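Visitor: Before we start, here is the structure in question, set down as structure tokens.
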Amino acid sequence: MKKSLQHNHLDRSKYGLVELPVVEYGGLVWISATSDKPIDIQHYLGAVGDNLVHFGVADHLSFRKSTIVKHTNWKLLIKTYLEGYHVPFLHKNTLANAFRKGVIAHTECGSHIRLAAARTNILDVLSVEREKWRILDYASVYYSIFPNTFFIMHPDYVSLNIFHPEAPNRTVWTHEMFYKPEHFEGDKGQEALARRFEYTNDVVFNDEDFAIAERVQEGLRYGSNKHHTLGLEEGLIGIFQRNIDDALCDKTVVPLKSVCPQ
């Protein structure tokens, strides 16, 4: 308010910004867009929240965040993560070298989905004592946090992707990378983080996965296909879409811990 003299009798306490509920849990800050509804984030996340605590997300620092506009529907961007059969083909010169032919295991956690993508060394676990197993040595763990967030636990860093729809064919995509400081010390550590961010953000996500999503969106606008057929390896895409349909019909899916084992 630049000219307060014009509003001498205005009670400023009644015209401030709208206060929104906010909580910190699992190393992240959660905000509700509805001012009159408190956040029960532990109930909403269920076992996914327990996993964030288990992986020590709160011990990570933010390295870099990008914000990019993608000319495609937000759901298409998330769906690129929900099947692995494209990896040997779309990512033949990048991720295919690290992952075992797109093999993915998943668990439904209410309306959220947890995935584990097997790395090429997955069978090495057979020669390791069970009590010494560390899943991130043999797989990357992904979380589709309903509705519009995708969280990835890489072996030594974390990717947090959020997709904000602005129109049916326009999405603001943010990607923030986190790391544990003891794993990336000094200038060499920061240089290593920069290489990881550029590889993950610029090459794999933007130039490969999301470039395809934009091409799919371009094809959809002509309306020649009345329906789309999902293959056997695309079941998670159907599950994700079902969760969206249920939410739109107000069929609330309660994230029970019992359906998403540790």
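Visitor: Would you list the strands (runs of 3 or more DSSP E) that sit entirely within the stretch 90-169 and hold 3 or more residues that are among the charged types (D, E, K, R) and touching a Pro at 6+ places or on another chain (Cβ under 7 Å)? Explain how you work it out, then say what you get.
Guide: Details: elements: 99-109, 112-119, 139-145, 149-153, 158-167.
Fully inside the stretch 90-169 and qualifying: nothing.
Visitor: Another question about this same structure. For the stretch 36-59, enumerate the residues that are of a type in the set (F, W, Y) and more than 15 Å from E108 (Cα to Cα).
Guide: Initial filter on the stretch 36-59 (of a type in the set (F, W, Y)): 44, 55.
Scanning the stretch 36-59 gives a single hit, F55.
Visitor: What single numbered condition from (1) at positive phi; (2) over 20 Å from the mean Cα position of the chain (by Cα) fails to hold for G110?
Guide: Of (1) at positive phi; (2) over 20 Å from the mean Cα position of the chain (by Cα), only one is false for G110: (2).
Visitor: Identify the residue in the stretch 5-27 that is within 22 Å of the chain's Cα centre (by Cα) and not in a loop (DSSP other than H, G, I, E, B) and, among all such residues, is surrounded by the most Cβ atoms within 10 Å (Cβ to Cβ).
Guide: Among residues in the stretch 5-27 that are within 22 Å of the chain's Cα centre (by Cα) and not in a loop (DSSP other than H, G, I, E, B), the one surrounded by the most Cβ atoms within 10 Å (Cβ to Cβ) is Y25.
Visitor: Another question about this same structure. Just one of the numbered conditions (1) at pLDDT 95 or above; (2) surrounded by 11 or more Cβ atoms within 10 Å (Cβ to Cβ) is not true of L220; which one?
Guide: (1)
Visitor: Answer with yes or no whether I113 is closer than 30 Å to G231 by Cβ, of a type outside the set (D, E, K, R), at pLDDT 95 or above and touching a Leu at 6+ places or on another chain (Cβ under 7 Å).
Guide: On the way: closer than 30 Å to G231 by Cβ: yes; of a type outside the set (D, E, K, R): yes; at pLDDT 95 or above: yes; touching a Leu at 6+ places or on another chain (Cβ under 7 Å): yes.
Judged against the criteria, I113 is a match.
Visitor: Kindly list the number of the only condition in (1) more than 26 Å from L45 (Cβ to Cβ); (2) assigned to a helix (DSSP H, G or I); (3) β-branched (V, I, T) that fails for T229.
Guide: Just one mismatch for T229, condition (2).
Visitor: I'm trying to understand the selection: among the residues of the stretch 181-203, which are part of a helix (DSSP H, G or I) and touching a Leu at 6+ places or on another chain (Cβ under 6 Å)? Before the answer, list the steps.
Guide: Kept after step one, since they are part of a helix (DSSP H, G or I), are these residues of the stretch 181-203: 181-183, 186-203.
Listed by number, the list holds a single entry, P181.
Visitor: Any idea which of F178, F240 is in a helix (DSSP H, G or I), closer than 26 Å to H112 by Cβ and at pLDDT 95 or above? Outline the logic, then answer.
Guide: Values: F178 fails: in a helix (DSSP H, G or I).
From the options F178, F240, the qualifying one is F240.
Visitor: Out of all the residues in the stretch 87-97, is one or more of a type in the set (F, W, Y) and surrounded by 17 or more Cβ atoms within 10 Å (Cβ to Cβ)?
Guide: Here is the first cut: in the stretch 87-97, the residues of a type in the set (F, W, Y) are 89.
Those left that are additionally surrounded by 17 or more Cβ atoms within 10 Å (Cβ to Cβ): none.
No, the stretch 87-97 contains no residue that is of a type in the set (F, W, Y) and surrounded by 17 or more Cβ atoms within 10 Å (Cβ to Cβ).
The values are calculated or read from the model by the stated rules, or taken from the named source; none is laboratory data. Remember, predicted model here, so these are calculated numbers, not experimental data. Here Cβ is always computed from backbone atoms with ideal geometry, including for glycine, and neighbour counts include all displayed protein chains.
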